[in-house]
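This report concerns only the one structure given below.
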Amino acid sequence: MLTTKTFIKKTKKGSIIKIVREHYLRDDITCGCQCCTICDQNDAKPLESKPVNKSKLCKKSHYLILDTNVVFHQIDVVEDPSIQNVIVLQTVLEEIRHRSAPAYKRVKDFIANPDKHFYTFCNEFNKDTYVERQKGESANDRNDRAIREASLWYKRHLEDHASEDIDIVLLTNDEDNRTKAKAEGLQSFTVQEYVKSLKDCGSIVDRLSSTGSHVKFGDKIMYPEHLPLSTIQKGIKTGKYLQGSYMASRENYLEANVSVHDQDRMIFVQGHQNLNRAVKDDIVAIELLPEEEWSCPSSMVLEETEEKADEDNMEIEETQMRKNKVPKELRQPTGKIVGIIKRNWRQYCGILQPSALKESTRHIFTPADRRIPRIRIETRQAHDLASQRIVVAIDNWPRNSRYPQGHFVRKLGNIGDKDTENEVLLLEHDVPHSKFSEAVLSFLPKMPWSITDEDRKKRRDLRHIDICSVDPPGCTDIDDALHCRELDNGNLEETYSRCFHFIRPGNAMDKEAAKRGTTVYLVDNRIDMVPELLSSNLCSLRSNVERFAFSVLWEMTKEADIVKTDFTKSIILSKASLTYAEAQMRIDDPAMTDNTTKSLRWLNKLAKILKQRRIDNGALTLASSEVRFNIDSETHDPIDVQTKQIRDTNSMVEEFMLLANVATAEKTLREFPKCAMLRRHPAPPPSNFEPLIKAAESKGFKLDVSKGKVFADSIKGAVIPNDPYFNTMLRMMATRCMMQAVYFCSGMLPESEYFHYGLAAPIYTHFTSPIRRYSDIIVHRLLAVCIGADSSYPDLLEKHKSQLLSNNLNYRHKMAQYAGRASVNLHTHIFFKNRAVDEEGYVLFIRKNALQILIPKYGLEGTLYINKEKSGVTFTFNEEENTQSCGGVTLHVFDRVVIQISIDRSNVQHLKLCLKLVKPEIPGFSVPPAPKQDIKEESKDEPPKKKIKT
């Protein structure tokens, strides 16, 4: 049967066009019920013939049909194992797909779960259930009618053709839809009514979203009303409002910035009223305040450490933060949030803080991410959940509630358990970490695998050269190998090889790698981008094993001038898998004269020339505090922590990696000017450097940040002879001023924006790590097409798809970095769990009520609070000179201090790292030195049992 769909569409240019589409209706779409006697027996029938009736509202067994809002808002309930035998209508599924891609994926996942007994019914293509939209009828009303029509069809179909007595129950929170359904003879309930009627419903009641329900919070209005979307859109067109992404402050819960879309600017927002219920990552509409009301970030570090009652006067908190008027020269563009364009809420991990009232079901949830506000939830399991890490979702944020309202989703495990805490940091940073599916694993090569004679004919044989790898200790995903030898003409030949094979475009493994984007390195674990058989075996350039590789070969003079560059797919045989320390020992030992060592010495000499050349061109040499944990092989807890040593061999590998990346970028851009995947590093805006400039001035140095080369030279000259660590700290602070480096498609930006600021390189990409970065896989494929070693495919050359892929890779790369840092923080907490240690540190930042302290030995940065309420000692903050004074002692930025590090156990639920001042001694504030402890729990003569790459 054929019908037509007609609708009106407005084009981007404003034209109105009428679109008519043919719509085919069928009479052979099956119901999916096992008890049906007439539908095609060969089709899948996930709906059970005798579903168990758990509801006190229903007299007999039944199947559930849910409307769109029930699925969308109550998705955590629908996911619960107790909700089974559900018919998901095509109307509902299509609405979910248009409203939220993540929600749609979750729905598709539980439909695919055979234990749930869910069935998708294509009611829009069934001739008996398809309904036309009537004149004057809204799309929402038409869809509600379509859901009722499909429910009625199922009811009649089962009455006539089912071998069992089974009813249909429609769940909808829409009162009008429910009334009409009942009038038509359907059983219909709200989702709350149905869930609360289930026998032994347990925690599923706690998972009910409060969206649409009415919870009494009090009569006092605490926040301004959000403007309707139509008003916001008009205001954006006229320029009255700006649209941007909301970025909450880590240091002060009363401050945030809004990154304005399509503009290189930030708008500062301060105070409860102006923040107006926005949550991190929301898309908001903001209105600029009059210039005389502009402000700047407070010097105070503010954490919301305890629950505030709704009736508390929020203005008091803001007044404490803004006692003085901000001088005109310090003011920043400041605004207020007038509306929410799009909520980007997700599920949040954290802990429950039970109410002081024993019988209360309303409690406060504290998220692990301090940028997320506390959330009020209702649960009857508070006693059990108090010791657990749990997951909560936000439902709404009423104007008369200090906190948003949400619901319990699930529990993760005991607070403090390392597996649980690792799960928290992976979830919080959105790291895909589930096991690889059977579909992905099916594309792995069958073992035992070996290189065939046919393979050798297609590749350049480089097995004769003395190539080797140099990596951190414990590394199993060896993704590059190097070699250098002298040619007959007096020049040198360098080879940089990397492995990439087995992942073909478009298959399940390729799609999974594209979704994951990168391998994530935690202190005690590695979340692979591709299955371990590839990352640690077949694509890892192990020593004394033949491997496929993609090699870059240079002919250079001994002054590191490139004569020729060649790219080839090859077969290599690594002669050694060395650590940085082992390679350095070979280079430094004059008694070693084998070919591999000679190769390393030449590579090291050339690397030093290449590095100096980059620095002369304006490349920045920045710094960060990186540490390595020694992990106990039985408990997997850290037993020692050391600062990572940087040797010449680290720099040697880095220089040839950079050289290979630049060479590949030039080659792929030349061949594919519109679809090359490149990596750029935008120059930071001058405002980013202000804290760094101010800190350098406090020690008498003037930094010029006008150009990269000038900045690199001025930071190099900022040296204090008797304090060698000062320049390192300055470089650490400079690192924080930088913008994020990002992947992009060459056809989407002008060439003037390709520049990589940190490397002072006009063009750059990532080629060197395809087993742990998906960007490198794309670059390998482009390069293979360039040299005729492989064929292209449509998505590879489509710039818009390439840019969408780049956006995902940028997000995944950023989240992987944050997850790695969070893992270091977690293990630092575990390391200090039963210790109190005195260690040398440096003042990195000075705030109105706190000092930010850097402790180099542990790569640790923490906050030392100096508030009067806790210590009873008064400090004097000089904002102009950026100092804190007390008891005759004045603390400046970069001052050396001795800090006592321990764990604050005052709240067993929420253990925190605690810093206390030991030296300089300030009466009433400084603490006595901690008793001497043996930091290592094993003999100094005994090597660590296990080292993990971090």
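What the table shows:
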{"quantity": "Inter-part distance where the stretch 94-129 and the stretch 29-90 are each reduced to a Cα centre, Å", "calculated": "12 Å"}
{"quantity": "Heavy atoms of residue 892 accessible to a 1.4 Å probe, total area in Å² rounded to 10", "calculated": "80 Å²"}
{"quantity": "Phi to ³J(HN,Hα) by Karplus 6.51 cos²θ - 1.76 cosθ + 1.60 over the stretch 254-267, Hz, x for Gly, Pro", "calculated": "9, 9, 7, 10, 10, 7, 6, 5, 6, 9, 8, 8, 10, 10"}
{"quantity": "From phi via Karplus (6.51, -1.76, 1.60), per-residue ³J(HN,Hα) for the stretch 774-781 in Hz, x at Gly/Pro", "calculated": "6, 4, 5, 4, 4, 5, 4, 5"}
{"quantity": "Residue 175 accessible area, 1.4 Å probe, all protein chains in place, Å² to nearest 10", "calculated": "130 Å²"}
{"quantity": "Cα centroid separation - the stretch 181-196 against the stretch 781-838, whole Å", "calculated": "47 Å"}
{"quantity": "Where trypsin sites (Lys or Arg not before Pro) fall in DSSP loop in the stretch 649-745, at most 15 other Cβ within 10 Å", "calculated": "674, 699, 702, 707"}
{"quantity": "Folded to 0 to 90 degrees: helix 101-112 orientation relative to the chain principal axis, Cα", "calculated": "70 degrees"}
{"quantity": "DSSP-assigned coil residues among trypsin sites (Lys or Arg not before Pro) in the stretch 74-176, each with at most 16 further Cβ atoms within 10 Å", "calculated": "127, 133, 135"}
{"quantity": "Residue-averaged 222 nm ellipticity for the chain, from DSSP H runs of 4+ at -39500 (n - 2.57), nearest 500", "calculated": "-8500 deg cm²/dmol"}
{"quantity": "Rounded, prolate or oblate (a/c below 1.5 giving rounded, otherwise prolate when a/b exceeds b/c) for the stretch 386-449 by Cα gyration tensor", "calculated": "prolate"}
{"quantity": "Most to least accessible of 748, 222 (protein chains only, probe 1.4 Å)", "calculated": "748, 222"}
{"quantity": "Relative contact order of the stretch 834-919, defined on C-alpha pairs under 8 angstrom at six or more residues apart (%)", "calculated": "31 percent"}
{"quantity": "351, 111, reordered so the largest accessible area comes first (probe 1.4 Å)", "calculated": "111, 351"}
{"quantity": "Residue-by-residue Karplus 3J(HN,Hα) for the stretch 915-928, coefficients 6.51, -1.76, 1.60, Hz, glycine and proline x", "calculated": "10, 10, 7, 9, 9, x, 7, 10, x, x, 10, 5, 10, x"}
{"quantity": "Residues whose placed amide H lies under 5 Å from that of residue 415, excluding near-sequence neighbours", "calculated": "388, 389"}
{"quantity": "Taking the chain and dividing mean pair separation by its residue count, relative contact order in percent (alpha carbons under 8 Å, at least six apart)", "calculated": "8 percent"}
{"quantity": "In Å², nearest 10: area of residue 863 left accessible to a 1.4 Å probe", "calculated": "40 Å²"}
{"quantity": "The stretch 2-206: relative contact order as a whole-number percent, Cα under 8 Å and 6+ apart", "calculated": "23 percent"}
{"quantity": "Rounded, prolate or oblate (a/c below 1.5 giving rounded, otherwise prolate when a/b exceeds b/c) for the chain by Cα gyration tensor", "calculated": "oblate"}
{"quantity": "Coil-residue chymotrypsin sites (Phe, Trp or Tyr not before Pro) of the stretch 449-521, DSSP, other Cβ within 10 Å capped at 13", "calculated": "449"}
{"quantity": "Placed amide H near residue 126: partners under 5 Å, 5+ positions off or other chain", "calculated": "26"}
{"quantity": "Cut-off under 5 Å, modelled amide H: who pairs with residue 295 long-range", "calculated": "332, 334"}
{"quantity": "Centroid-to-centroid separation of the stretch 242-283 and the stretch 528-568 [C-alpha atoms, Å]", "calculated": "45 Å"}
{"quantity": "Sequence of 204, 609 when ordered by accessible area, the most exposed leading, probe 1.4 angstrom", "calculated": "609, 204"}
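The values are calculated or read from the model by the stated rules, or taken from the named source; none is laboratory data. No experiment lies behind these values; they were computed from the predicted model shown. Don't worry about glycine lacking a Cβ; one is built from the backbone with ideal geometry, like all the others, and counts go over all protein chains shown. Surface areas here come from the heavy atoms of the whole protein model, side chains and all, with no ligands, DNA or RNA. Shrake-Rupley method; radii C 1.70, N 1.55, O 1.52, S 1.80 Å.
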